[in-house]
Amino acid sequence: MMLPPPQTILVLAGLGLLVSCRPIEPVQPWQKGTLAREEMTMEGGDVLGARSLDHVYDSREAASGGGRVGGGGCGCN
């Protein structure tokens, strides 16, 4: 298998950069409903799993509340 000439590789790389640098389109109002679904959250809609992780976090840090904000508890952060 022969490799393409270096000029071809440079042209293709340049085209790839141009295509990837196009402006990002804003989210339209009718698309926001899709982004607000529970599956799009960090927990993936798993409420029970999120509560379990919060309980473990609170027990480990010896403090409650604050979610996943750093600090609190023993002060080792």
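The values are calculated or read from the model by the stated rules, or taken from the named source; none is laboratory data. Treat the numbers as computed from the prediction; the structure is a model and nothing was measured. Don't worry about glycine lacking a Cβ; one is built from the backbone with ideal geometry, like all the others, and counts go over all protein chains shown.
Got a number for residues in the range 32-49 being modelled with pLDDT of 80 or more and surrounded by 10 or more Cβ atoms within 10 Å (Cβ to Cβ)?
Number satisfying all stated conditions: 2.
All but one of (1) surrounded by 10 or more Cβ atoms within 10 Å (Cβ to Cβ); (2) in a helix (DSSP H, G or I); (3) without any contact (Cβ under 8 Å) to a residue 12 or more places away in the chain hold for residue 54; which doesn't?
The failed condition is (3).
Search the range 1-37 for residues being assigned to a helix (DSSP H, G or I), among the β-branched types (Val, Ile, Thr) and within 27 Å of the chain's Cα centre (by Cα), and hand back the single one that is nearest to residue 47 (Cα to Cα).
34
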